[in-house]
Amino acid sequence: MPKFTTCWVTRNKLSALFALHLDYLDLQCEMNLLSIKAVSGIFLFVLLLGVMYNFNTNRTLEPSEKTEGTSVDGCAAKTITFCPEGHLKSPDHLKYKQPSIIHGRTNVVTVTPWLAPVVWEGSFNPNLLDAIYKPKNISIAATVFAVGKYTMFLKDFLETAEQHFFVGFTVHMHVFTDKPKEVPKVKMAAGRKLTVHTVPSADRWQEISARRMEIIQKLIEEELQDNTDYIFCLDVDSKFYDRWGTESLDRLVAVIHPGYYKTNRDVLPYERRPSSKAYIGLGEGDFYYCGGAYGGQVQEVHQLTKTCSENFKDDAKKGIEAAWQEESHLNRYMWINKPTKLLSPEYLWQDFKSKEPEIHTIRFSGVIKNYAAIRPNA
């Protein structure tokens, strides 16, 4: 074959190969373009879903909105109200004293090692807190037990509660007694009411103390879980002297016992027998908490009372009664399940004690009484 013809054939083959390569590149480009479009479409779709999810989960909810079988910030129940303190919104242009992080209470600790606030007089602004919580339309329940001769304390308890306990808010007092006819009639402000529940009497005051947890658990399950935000469980042989209000609200609230807040934990009256479900060993525990005042969100208090009631029953099967009944089980529970807010001894003082220098006010206090005269087996 002539050289020219050979070159022409070779050139044609090269051209054909080049054209084929170009076609292949065009096809690759089209495929890459399609892939880019597909990936972009998927990315935009996922982004849209993310925006919709973020909007739905972070939108501001009114306190009245309910959800079935949902958990928000640890709240869980068959039907729950979204945790009202999750978002603290101050009214527009509200005037109040400027806060400071370098001036304030210096003679007391106002935060725990797990960063829960400790509430003392001078550590909060009551007007600001009330203005934040008032629009939330929260409801508060309080339980009090007046069995046997303890009905004598009801009048002072209820009357002083009207003067100092969550004044201006929706409050439902639940009185448990074996003598419903002896419950005094106390004039209650608008939005506040009282319900009397009849319970059996007991031969031992320890039995009365021990079964309160189970009764409160059932009250929450049967009456409160769908319509109440917070609950406080209080001793009837006490009275209010000063404000107890929105500064006390949180998920799980404990009151530091006035008799032991300066005591080394190794001599605190915890249950020390390892065989008890209330056991706290030497070198363990945080503070000693009052059995006569505790509370928090309804769901949290339900879990507390349910656990303590079950632990008490487990002890009873083994013939064990914890040193201070419900108070011992409460302290064990709150050592493991840290309270999210602690109330200083201002919130359950003792009338027979003089005020210590760090106690600037007494809000709630146990009255002076003769235990031998009021306890059935004292």
>> Please verify whether S238 is over 18 Å from the mean Cα position of the chain (by Cα), within 27 Å of H329 (Cα to Cα), among the small types (G, A, S) and surrounded by fewer than 20 Cβ atoms within 10 Å (Cβ to Cβ), treating the condition exactly as stated.
In response: no
> Picking from G74, G104, which residue would you name as being modelled with pLDDT under 95 and under 16 Å from the mean Cα position of the chain (by Cα)?
Replying inline: G74
> What's the number of the condition K155 fails, among (1) touching a residue at least 60 places away in the same chain (Cβ under 8 Å); (2) open to solvent by 60 Å² or more (accessible area, probe 1.4 Å)?
Replying inline: (1)
> In the stretch 344-362, what residues are of a type in the set (D, E) and open to solvent by 20 Å² or more (accessible area, probe 1.4 Å)?
Replying inline: D351, E356, E358
> Of all residues in the stretch 153-173, which are part of a helix (DSSP H, G or I) and either farther than 17 Å from G292 by Cα or at pLDDT below 95 (or both)?
Replying inline: K155, E159, E162, Q163, H164
>> Being touching a Phe, Trp or Tyr at 6+ places or on another chain (Cβ under 6 Å) and either assigned to a strand (DSSP E or B) or at pLDDT 95 or above (or both) is true for just one of G296, G281, G285, G291. Which residue is that?
In response: G285
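So, in the stretch 133-152, how many residues would count as being surrounded by 19 or more Cβ atoms within 10 Å (Cβ to Cβ) and of a type outside the set (A, V, I, L, M, F, W, C)?
Looking only at that region, the number is 6.
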> Is there a residue in the stretch 366-378 that is within 22 Å of the chain's Cα centre (by Cα), assigned to a loop (DSSP other than H, G, I, E, B) and modelled with pLDDT of 95 or more?
Replying inline: no
>> Being on the phi > 0 side of the Ramachandran plot and open to solvent by 50 Å² or more (accessible area, probe 1.4 Å) is the filter here; which residues of the stretch 306-343 pass it?
In response: G319
> Any chance the stretch 204-225 includes a residue that's within 19 Å of the chain's Cα centre (by Cα), in contact (Cβ under 8 Å) with a residue 12 or more places away in the chain and in a strand (DSSP E or B)?
Replying inline: no
> In the stretch 319-365, which residues are under 25 Å from T160 (Cβ atoms), under 18 Å from the mean Cα position of the chain (by Cα) and not in a loop (DSSP other than H, G, I, E, B)?
Replying inline: L330, K341, L342, L343, Y347
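Residues S100, S123, S90: which one is in a loop (DSSP other than H, G, I, E, B), more than 24 Å from I362 (Cα to Cα), open to solvent by 20 Å² or more (accessible area, probe 1.4 Å) and touching a residue at least 12 places away in the same chain (Cβ under 8 Å)?
Exactly one of S100, S123, S90 is in a loop (DSSP other than H, G, I, E, B), more than 24 Å from I362 (Cα to Cα), open to solvent by 20 Å² or more (accessible area, probe 1.4 Å) and touching a residue at least 12 places away in the same chain (Cβ under 8 Å), namely S90.
The values are calculated or read from the model by the stated rules, or taken from the named source; none is laboratory data. Keep in mind that this is a model prediction, so the values were computed, not measured. Because the Cβ atoms are built from the backbone with ideal geometry, glycine has one as well, and the counts that use them run over all protein chains shown. Side chains included, ligands, DNA and RNA excluded: accessible areas come from the protein's heavy atoms. Shrake-Rupley method; radii C 1.70, N 1.55, O 1.52, S 1.80 Å.
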